[in-house]
Structures are given as structure tokens and as C-alpha cells.
Amino acid sequence: MVSAIGGVGQALSAGGTSVARIGASGDLTEAEQAQVQKLKKIDAQVRAHERAHQTAGGPLTGAATLQTVRGPDGKLYAVGGEVSIDVSPEGDPRSTIRKMEIVIRAALAPSNPSGQDRAVAAQAKRILIEAQQQLNAERAQEAQGGAEDEANANSLANRLQPGDARQQSAAQAYSQADNLINTVNAAQRPLFALSI
């Protein structure tokens, strides 16, 4: 799924049309020179806004699409734009969480995120929450499976004959090793804090 972030746009008051007078800047009236200065400022803001999305989103983003108008000096100026970004979930929850964190940062990267930017960030946050819930469910299943393994080892130790010390010692070693593996696995799991 691809969404567009950006949407920075500025309305120009030139009677609904842009005057395309081509010539040296000295040929422009004061009003036209003021309009060119305004267009240059808007162009710089739009390009910086879209560049912020691309920088934060990296390979998840596409090229910027700019809406332009021709100024009184005959040059094209960006007055709006957007950047596409991939918001599709990945194949596993951890990868989806990492990806959606990048999408959220990219959507909110500009100093003045647009309404569309905020909508994309909200969409990514919903996907991230779903992935977090899925990951928590998987962890709960793993923890339950570890408890069952320990119970099986203890059951094996209880069923052995009292005189069979080697087998009891092996069962206890298995149980301790299983506990150690579960502890190591739990320590290696990344923890994600999510504030809404």
C-alpha cells in the first residue's frame, strides 16, 4: 500500500492565472518582482518539506512530485508537492514495527506537517499497534510453551525411580538448560514502548 505525504501548497493571488512574461528581471514591474520573490520563498519551502520526507523515509519513499506555476519571469516555481511512501505491513511483526516507525518519522519530518502527512502517520501508527499486539501474542505463546517444557522435564524427573540418580541428574540438567535458554531468549527480545 502506498500513501502520499506532502501536500504543501500555497495559493497565489494573481487573478487565477500566472503571467508568463519572459525577459530580464529588470523588465518586471515592482508587483511582478514581489510575486517572483514570493514564488521563490514558496518554492524553497515546498522543496525543503518534500526533502524532509525523503530524508527521513529513505528507501521507503519515492521521488517528489511537485506542482509548479510559471512566474512572471518565465521560470517554474514549486507551489505544492508530495512524496509517495510504502505503508504496507511486512511479513513479520518486528519488521512491520520497524518499518512503521520509519513511516511515522518520515510523515512528521517537516517542521510543518500537512493534514495529509498527519493522516499517513496515523495510518502507520494503527498498523504499528496491530503488529505490536501480534508480537505480544506470539511472546505470550512462547512463554506458555516454555512453561510447558519445564513442566514436562519436572514430570520426567518425578517418574524416574529414586535409585536412578543419573537419570534424575540429567532431567534436572535439561530443566536448568531449558530455563537458561528461555532467559537468554527473553533478554534478546527488543522491547518497544508505544505511547499514544
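Observations on the model:
- Apart from one condition, P89 fits all of (1) in contact with a helix residue (DSSP H, G or I) (Cβ under 8 Å, 6 or more places away or on another chain); (2) surrounded by fewer than 20 Cβ atoms within 10 Å (Cβ to Cβ); (3) farther than 30 Å from L135 by Cα; (4) not β-branched (V, I, T); the exception is (3).
- Figure legend. Inter-residue proximity from segment 26-37: first residues surrounded by 11 or more Cβ atoms within 10 Å (Cβ to Cβ), second residues among the small types (G, A, S) and assigned to a loop (DSSP other than H, G, I, E, B), beta-carbon distance below 6 Å, spacing 6+ or different chains. Indicated pairs: V36/G71.
Listed here are the residues, each with its yes/no results for (1) crowded, with 18+ Cβ neighbours inside 10 Å; (2) assigned to a helix (DSSP H, G or I); (3) of a type in the set (G, A, S); (4) within 13 Å of the chain's Cα centre (by Cα).
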site	(1), (2), (3), (4)
R94	no, yes, no, yes
R98	no, yes, no, yes
R105	no, yes, no, yes
N112	no, no, no, no
D117	yes, yes, no, yes
R126	no, yes, no, yes
E130	no, yes, no, no
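- Residue pairs whose Cβ atoms lie under 6 Å apart, sitting 6 or more positions apart in sequence or on different chains, and linking a residue in segment 109-134 that is farther than 17 Å from L60 by Cα to a partner that is in a helix (DSSP H, G or I), are A131/P93; A131/T96; A131/I97; Q134/P93.
- Some residue of segment 69-90 being of a type in the set (A, V, I, L, M), out of contact with any Gly (no Cβ under 9 Å at 6 or more places or on another chain) and more than 30 Å from E30 (Cβ to Cβ): yes
- All of (1) in contact with a Ser or Thr (Cβ under 7 Å, 6 or more places away or on another chain); (2) assigned to a loop (DSSP other than H, G, I, E, B) hold for G74 with one exception: (1).
- Counted residues, segment 27-62 - those being closer than 21 Å to I104 by Cβ and among the small types (G, A, S): 6
Each value in this text was obtained by applying a stated rule to the coordinates, not by laboratory testing. These numbers come from a predicted model, not from an experiment. Ideal geometry is used to build each Cβ from the backbone, glycine not excepted, and the neighbour counts take in all protein chains shown.
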